[in-house]
Amino acid sequence: MWNRRSRALGLGGGGWPGASVARPTPDAAGRALGTRAARFGDVPNGTRVRIYGTAREGGALLTSPLLNRVCVAYRLVVEEPGWHAVLERAACAPFLVQDGDVPVSVRGPFIVYHRADYEWDFGNDVQQRIARLVDAAVEPGRSARGQSAPADEIYCRNYRYFEALIRPGDRVTVEGFAAVAVHPAGERDSLRAPPLLHSISGTPERPVIVSVPEPGSVAP
């Protein structure tokens, strides 16, 4: 049995490209505008914004690689003695963020930021799963730090890890390029109004940033 207690800071990457991407405005390289989804129509499409809301399913969810938990996003970091990171993995699925009465479709690419305190307490089954993940990420016959190693040595190391998750119902902060467009998947303000789809997307150079807000954070 391995027992670990520590503080982990997860800074993650990874994501899934979206079906449509808002074209950034010329001044989008600046600081993100804190706003509400209901006000997207007040700014040009492609403005970099930041909103708070509740994560909701927007399609297929992910399964975390270590503990096999269903989630919207995950961040996994594994360290070996000396506490060198030997494996870092993160991903986020396209999802919805509910900001008040407005659902916002969120598409990547993504970066996942997560910060939390973890108590690590895991048995041989988790140790073996960690070892298999690390083993698959390095060249056969070499350790994660590039040194030659017997085939089974990696299964005997005293690893520590954290696997931070964002799940449906979690409070999140989302930063990316905003857009509002008439779309069949959108919602109507009234019976005769066109269906409007509110969305946030990213680019390879400036991905969508998904994080968990600090306690006490409030929307603009």
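Values quoted throughout were computed directly from the atomic coordinates according to the rules given, and no laboratory measurement underlies them. Note that the coordinates shown come from a computational prediction; the quantities given were computed from them, not determined experimentally. As a convention, Cβ positions derive from the backbone with ideal geometry for all residues, glycine included, and neighbour counts pool all protein chains shown.
Hey, fewest Cβ within 10 Å first, where do V208, V77 land in order?
So the residues, fewest neighbours to most, are V77, V208.
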TODO: Per residue of region 34-49, in order, report the coupling 6.51 cos²θ - 1.76 cosθ + 1.60 (Karplus, θ = phi - 60°) as ³J(HN,Hα) in whole Hz, putting x for Gly and Pro.
DONE: x, 8, 10, 4, 5, 9, 4, x, 8, 10, x, 4, x, 6, 6, 10
Task: Whole-Hz ³J(HN,Hα) from phi, Karplus 6.51 cos²θ - 1.76 cosθ + 1.60, for region 80-90, glycine and proline x - done: 10, x, x, 6, 9, 5, 10, 7, 9, 8, 8
Task: Placed amide H near T35: partners under 5 Å, 5+ positions off or other chain - done: R50
- [ ] Please give the length that would be gained between W83 and L67 if that part of the chain were fully extended, namely 0.36 nm times their separation in residues minus their C-alpha to C-alpha distance (nm, one decimal).
- [x] 3.7 nm
Task: Gain upon complete extension [N158, E57; 0.36 nm per residue less C-alpha separation] - done: 32.7 nm
